[in-house]
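The block underneath contains the structure these notes are about, expressed in structure tokens.
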Amino acid sequence: MLLYLVRRAALMVPTLFGITLIVFVVMAAAPGGISAQSLIDGTNLEPETRQALEDYYNRLYGLDQPAPVQYLRWLNNISPVGFEREADGTLGAFSLFKGPDLGVSFRYGRPVTDLLAERLPITLLLNLLSIPLIYAIAIAIGVQAARARGGRFDVASNVLLLGLWSVPTMLAGVLFIGFFASEQYWRWFPTAGLVRREAVDQTFLPWLASGVDVLILFASLGMSTALLVWAAARAPRGARRYGGALIGAALGYLMAAGLQGAAPTLFHGLLGLGGAALAGAMAGIPSKPLRIVFAGALGIGVGLGLARALGAEIVHGGYLFDRAWHLVLPVIALSYGGLAFLAKLTRSSLLENLAADYARTARAKGVDEETVLWRHVFRNSLLPLITVSATLLPSLLAGSVIVESIFSIDGMGKLAVEAVQTRDRELVLSVTLISGLLTLGGYLLADIAYAIADPRVSYD
Amino acid sequence: MTEITGTKQAQLARPWLRQVLGALARRTGARIGLAWIALLVLVATFAPFIANTHPLYMVVDGRASSPALANMGPVDWIWLAGFFLALILTMVPAKTWFRVTAWLAGVGGATVLAYALVSPPTLTVYEQYRTMEAAGKIERIVRAPIPYSAKDYLRDYGDTGIEAPLAASERHHWLGTEENGADVAARMIHASRIALGIGFIATGIALLIGTLIGGMMGYFSGVVDIIGMRLVEIFEAIPTLFLLLTFVAFFGRSIYMMMIIIGITSWSGYARYVRAEFLKLREQDFVQAAVACGLPLPSILFRHMLPNGLAPLLVAASFGVASAILAEATLSFLGLGLVDDPSWGQMLNQAVQSSTFNWWLAVFPGGAIFFTVFAYNLIGEALRDAVDPHTQRTTMGARQ
């Protein structure tokens, strides 16, 4: 296994080399390319200052040298072993311990390492929140669809998932911001960023006016969540559907009232009907875990609203709540596409295994269908999901470019767009390198997980 | 009895492509998808007759003229020629490869002719018709259903800017106007060309590169395969969107550049498919026979092997068109798309650019992107079912 890991890591090097080479060639071959002139273009300077600045940039980044030399210099800078770089840009003595150096960003004038250390955790936070969410919901939907193949849930979810997969991330983001965050419609969520300025100075947890308020908050939250979850799990189907529709209609009406006042209009009626249809359909889903998840989310929302209505005075939400509130829309926008894809994959993988010989043997022995599904088929069906997890990370990284741009989150995706737009060579190359490294790391992790999950696979 | 076996044999002897297309046409999802694409093709082809400030027909001082026809550019003529050529070729009984070649040759010829012969006035004054009409100079006029061009910013009205649907008092903008005052419906109609063109041409380029490289890898294997797979891995490990951004930011922003760029960044998947198919196929007898006959390499690769490995490629290409359209929309959305020409993604971007949220700029162009991508995904899904031997057997069984 160790040998395998070493070999894989060694194979990564030429790939990473190729990635940076391609991006470098694109930048060098572009008309205009990158030169000291393009860096100071647009600045209003005296000719002498201009010349001095150009010379400075040329010396610092070696921009007046031929492109292959520039690339070799960059490689030397990032490799942990190589020639020392002097302060004036010339190469010094060969050293074994000089350490990698990603250079200084043209535009920000700061070391790229600092910028990445600032931005990368934010992108990783978004992605690491999305991945468990995607897997949990996708598996729940896929299992339910496969279990009743050709049933109503299967057909409906199939079309809905394909539709969800086709919704462009930017459309979802724009609609979210426009309707749920902007000034004109519901102002439920913040429009931009990851945290409000005030929240940084506040306590970590929410701060309430008095002990009674804390009690009210906990009571209403606990009650509504427990009640809804219990109803979702235990209530008979008819009661669930009517109850769900009723709650949905009430929420739809409240939603309309928040925008246009309490007097009922056609708009109130439409939203109420829409809410009733949606909540009724959710309550009618045959999969219990899915129902419980939806009911729990709804319960938290209703509980918060109830506490507000009962007069619990919240001084401020605190840092944690504020951060979570900012993350809701971006994480949804980032995860729904992958969710649709994975749910379809889970379904087809389960169907394939349910029809396999070993499943038939188990049934023939008299094993009941639940045990066949969970003990025999489910674990084998996870294998394609593990394989796909490797490609999920790159697509999430690409998605975070869009999501971060829409929600003005200062993560690596936004940094990438800015770097490319301002032709910031060092930054573009470093971002390419890091995202390539993350992607290849994802592939490696998936292969290792595959070996752990499937005893037939061994890398020795 | 003999008749039945006769039809059965005819059915079995039907060409594979037609079998697949027949299976495709029986699926509801594919039908909806195909209908939407057909509608888009119609709208894109006849865009100058649907949304145009130039009247289709007018009589001024007793002289009849058609400014719409006179102002049609080479691209408009090429679209019309391509459309009618395709229509004629589907009527003519001929082999598929002949039809495709004839169509490509015809469109190529039309392109040369159009750029040589057609020279519309370079300076278009959109306002002239409205001022002439206001002055009562026009005797008879037939306007397009949407009397605005995509780049007609309605400068003569003075109050132009971003407007909600049907908000303007004296004009009808069914889908509102965008930030420069142009009609959103007209821009969307003209932008359908970009979506369709990008989808087909970018995927075509990607298919070409992917088939060549993948075919080489699968046929030769060995060293070629190892080097080729590294190349595929490199292109897969760079997030495509990021590579696209880099390409577009450093090279120009013309539509042809974008087609090429999207094409050369998305071939790796096709290469993988073709490689896998060719690895399987090259061991088979008919390929060995072709090699033993001493056929030239291109003939073995593309006449004998490729048609047998086409099935997964078709499915992947259908999804590929969807992602190419998405890629263009994303680039335009991030502000790296075309500058002046209308594009759905660019309009979507305007929905949140200004301080207010303009829902009509999000809902209509965004909806158009969604439906187009959805249509291609539906077709891809149906194609996958149609070429999959498992599902095909069951549907055939159900029919008999």
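Observations, loosely collected:
- In region B:221-235, of all residues being in contact with a Leu (Cβ under 9 Å, 6 or more places away or on another chain) and away from every other protein chain (no Cβ under 12 Å), the one that is modelled with the highest pLDDT corresponds to B:Asp225.
- Whenever a residue of region B:217-241 is closer than 13 Å to B:Tyr270 by Cα, its partners that are in a loop (DSSP other than H, G, I, E, B), lying with C-beta atoms within less than 9 angstrom and at least six residues away or across chains, give the pairs B:Gly218/B:Arg282; B:Val232/B:Trp267; B:Phe235/B:Ser266; B:Phe235/B:Trp267.
- Number of residues in region A:226-266 that are more than 21 Å from A:Ala277 (Cα to Cα) and touching a residue at least 40 places away in the same chain (Cβ under 8 Å) equals 1.
- Residue tally, condition surrounded by fewer than 19 Cβ atoms within 10 Å (Cβ to Cβ) and more than 17 Å from A:Arg119 (Cβ to Cβ), over region A:419-445: 3
- Failed criterion for B:Val321 (all others in (1) more than 14 Å from every other protein chain (Cβ to nearest Cβ); (2) over 26 Å from A:Val25 (Cα atoms); (3) touching a residue at least 60 places away in the same chain (Cβ under 8 Å) hold): (1)
- Residues of region A:17-56 that turn out to be at pLDDT 85 or above and at the interface with chain B (Cβ under 8 Å from one of its Cβ atoms), as a count: 4
- Exactly one residue among A:Leu273, A:Leu228 is among the aliphatic types (A, V, I, L, M), crowded, with 16+ Cβ neighbours inside 10 Å and closer than 29 Å to A:Leu160 by Cβ, and that residue is A:Leu228.
- Unique match (being away from chain B (no Cβ under 11 Å), in contact (Cβ under 8 Å) with a residue 40 or more places away in the chain and not aliphatic (A, V, I, L, M)) among A:Arg197, A:Arg152, A:Arg119: A:Arg119
- One residue stands out among those in region A:173-185 that are surrounded by 14 or more Cβ atoms within 10 Å (Cβ to Cβ) and either more than 9 Å from chain B (Cβ to nearest Cβ) or over 18 Å from the mean Cα position of the chain (by Cα) (or both): the one that is modelled with the highest pLDDT, which is A:Phe176.
- Failed criterion for B:His190 (all others in (1) out of contact with any Pro (no Cβ under 6 Å at 6 or more places or on another chain); (2) in a helix (DSSP H, G or I) hold): (1)
- Count - residues of region A:6-25 that are more than 15 Å from B:Gly228 (Cα to Cα), small (Gly, Ala, Ser) and under 28 Å from the mean Cα position of the chain (by Cα): 1
- Residue count for region B:132-149, restricted to those that are surrounded by 12 or more Cβ atoms within 10 Å (Cβ to Cβ), of a type in the set (A, V, I, L, M, F, W, C) and not in a loop (DSSP other than H, G, I, E, B): 4
- Cross-chain or 6+ apart pairs with Cβ under 8 Å, region A:345-370 first and within 17 Å of A:Ala145 (Cβ to Cβ), then hydroxyl-bearing (Ser, Thr, Tyr) and surrounded by 15 or more Cβ atoms within 10 Å (Cβ to Cβ): A:Thr346/A:Ser381; A:Ser349/A:Ser381; A:Leu350/A:Ser381; A:Glu352/A:Ser381; A:Asn353/A:Ser381
- When residues of region A:415-460 are limited to those that are of a type in the set (Ser, Thr, Tyr) and not in a loop (DSSP other than H, G, I, E, B), the one nearest to A:Arg110 (Cα to Cα): A:Ser430
- Scanning region A:148-162 finds no residues that are touching a Leu at 6+ places or on another chain (Cβ under 6 Å) and crowded, with 18+ Cβ neighbours inside 10 Å.
- Qualifying residue in region A:285-302 (condition: touching a residue at least 24 places away in the same chain (Cβ under 8 Å), polar (S, T, N, Q), crowded, with 17+ Cβ neighbours inside 10 Å and over 27 Å from A:Ile177 (Cβ atoms)): yes
Residue-wise test of (1) within 14 Å of another protein chain (Cβ to nearest Cβ); (2) crowded, with 21+ Cβ neighbours inside 10 Å.
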| site | (1), (2) |
| --- | --- |
| A:Leu320 | no, no |
| A:Val372 | no, no |
| A:Val377 | no, yes |
| A:Ile402 | yes, yes |
| A:Ile406 | yes, yes |
| A:Asp410 | no, no |
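- Top-ranked residue of region A:257-277 - restricted to ones that are out of contact with any Phe, Trp or Tyr (no Cβ under 8 Å at 6 or more places or on another chain) and under 24 Å from A:Arg241 (Cβ atoms), ranked as modelled with the lowest pLDDT: A:Gly269
- Qualifying residue in region B:150-158 (condition: of a type in the set (Ser, Thr, Tyr) and farther than 19 Å from B:Pro365 by Cβ): yes
- When A:Gly150 is tested against (1) under 30 Å from B:Phe319 (Cβ atoms); (2) outside any loop (DSSP other than H, G, I, E, B), just one condition goes unmet, and that condition is (2).
- Candidates B:Ile238, B:Ile261: the one that is buried (at least 18 other Cβ atoms within 10 Å of the Cβ), modelled with pLDDT of 80 or more and facing chain A (nearest Cβ under 10 Å) is B:Ile261.
- Failed item in (1) more than 23 Å from B:Ser192 (Cα to Cα); (2) exposed (fewer than 14 other Cβ atoms within 10 Å of the Cβ); (3) in contact (Cβ under 8 Å) with a residue 12 or more places away in the chain, with B:Gly109 passing the rest: (3)
- Lone qualifier among A:Leu444, A:Leu415 - being in contact with a helix residue (DSSP H, G or I) (Cβ under 9 Å, 6 or more places away or on another chain), of a type outside the set (Phe, Trp, Tyr) and either over 27 Å from B:Val352 (Cα atoms) or at the interface with another protein chain (Cβ under 8 Å from one of its Cβ atoms) (or both): A:Leu444
- Of all residues making up region B:326-347, the number that are farther than 11 Å from A:Met170 by Cα and not in a helix (DSSP H, G or I): 9
Every residue, every condition in (1) over 30 Å from B:Val315 (Cβ atoms); (2) in a helix (DSSP H, G or I), yes or no:
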{"residue": "B:Arg130", "(1), (2)": "yes, yes"}
{"residue": "B:Asp156", "(1), (2)": "yes, yes"}
{"residue": "B:Gly161", "(1), (2)": "yes, no"}
{"residue": "B:His173", "(1), (2)": "yes, no"}
{"residue": "B:Ala186", "(1), (2)": "yes, yes"}
{"residue": "B:Ile198", "(1), (2)": "no, yes"}
{"residue": "B:Ala206", "(1), (2)": "no, yes"}
{"residue": "B:Met216", "(1), (2)": "no, yes"}
{"residue": "B:Tyr219", "(1), (2)": "no, yes"}
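- A:Ala145 vs. criteria assigned to a helix (DSSP H, G or I), in contact (Cβ under 8 Å) with a residue 12 or more places away in the chain, more than 14 Å from chain B (Cβ to nearest Cβ) and of a type in the set (Gly, Ala, Ser): yes
- In region B:324-369, residue farthest from the other protein chains (Cβ to nearest Cβ) [restricted to those that are surrounded by 22 or more Cβ atoms within 10 Å (Cβ to Cβ) and among the hydroxyl-bearing types (Ser, Thr, Tyr)]: B:Ser343
The values are calculated or read from the model by the stated rules, or taken from the named source; none is laboratory data. All values reported here derive from a predicted model rather than from experimental measurement. Backbone-built Cβ (ideal geometry, glycine too); neighbour counts: all protein chains shown.
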